[in-house]
Amino acid sequence: MRHVATQSASEAKPLTEPVLLILTSLAAQPRHGYALIKDIEVLSGGRVRMSTGTLFGALRRLLEDGWIERYEVEDTTRQKQAYRLTAAGRRHLQVELDRMKHLTRAGFARLKAAEAL
Amino acid sequence: MKRAYRFCLLLYPREHRDQFAEEMTHVFEEAFAEGRAQGRAWYVRFGFAEITGLIGGAAGAWLDRRCAAPVPAQSPAQGCMPQELVEAQQHVDASIAAMVHAIANHQFERARLLSNQEREARENLRMLQEKYGREKYGDEHGINC
């Protein structure tokens, strides 16, 4: 019962920017830590350069929540571990992107309405 | 800077260090090696971002760890717990709170000492839980009398 309540609360809560960027980066393919930092920099148009402290704090929480998992590749060492999205992580990213799309549409519609006045 | 980075990693809980310290150091070194040619301004910005990121990350990891294993402070069943077990748990909680406070105030040497103190307190709690029976007193679902 408690678990269900926690799940719905976390689903309803908007994702933080680091989490959204990590999930978006992993949506295309599995990546290791440094590749994530580089891809996030590209994704954000150079605006976000995530520190290792922020990145691994978010990765730890995402692993605990089961939104991502470690991905075994042949040359993976303890120093270079890859991560990939789980089905739950993909679902949460989809929900968040839908929410943002809805908000963006509503925002543009209101701007347009205000300009028309 | 690498030495400062490794030192700051000591601020994290042991579980986090066991799981990620090697990987974090490797990623840090990769980023450092790639960017160091960009000059002094980059070096200062990078160093500042990394160190503050580690401090924030360590504080977050301690808070998450504390939230993950809550012990009800005023549980109606607490009267059934042996006093020394209650005190041991309070000691662990107090050590964590002091450590988070030290990290937030950039008192890293103190935080490191408190980390050792917290480890000892947790070990003491674990032994007491074994003494009184884990299922009865240490279960995350609450305390059964």
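Points to keep in mind about this one:
- Per-residue average of Cβ from other chains inside 10 Å of A:39-52: 3
- Local charge for A:Y34 was computed over the other residues whose Cβ lies under 9 Å away, with Lys and Arg +1 and Asp and Glu -1, and equals +1.
- Calculated P(r) tail over 19 Å for region A:15-87, as whole % of Cα pairs: 26 percent
- Cβ-Cβ distance of B:R112 and B:Y43, R₀ of 22 Å, FRET efficiency by 1/(1 + (r/R0)^6): the value works out to about 0.30.
- Theoretical gain in end-to-end length, A:A106 to A:L63 [0.36 nm per residue, Cα-Cα removed]: 12.1 nm
- Above-threshold pairs, the threshold being 30 Å between Cα atoms, out of A:K38/B:K2; A:K38/A:K112; A:K13/B:K131: A:K38/A:K112; A:K13/B:K131
- Shape analysis of region B:1-68 places it in the prolate category; the axes a ≥ b ≥ c from the Cα gyration tensor give an a/c of at least 1.5, with a/b above b/c.
Read-outs: derived from the displayed coordinates by stated rules, not from any lab. Fair warning: this is a prediction, and the values are worked out from it, not measured in the lab. All Cβ positions, even for glycine, are placed from backbone atoms using ideal geometry, and neighbour counts span all protein chains on display.
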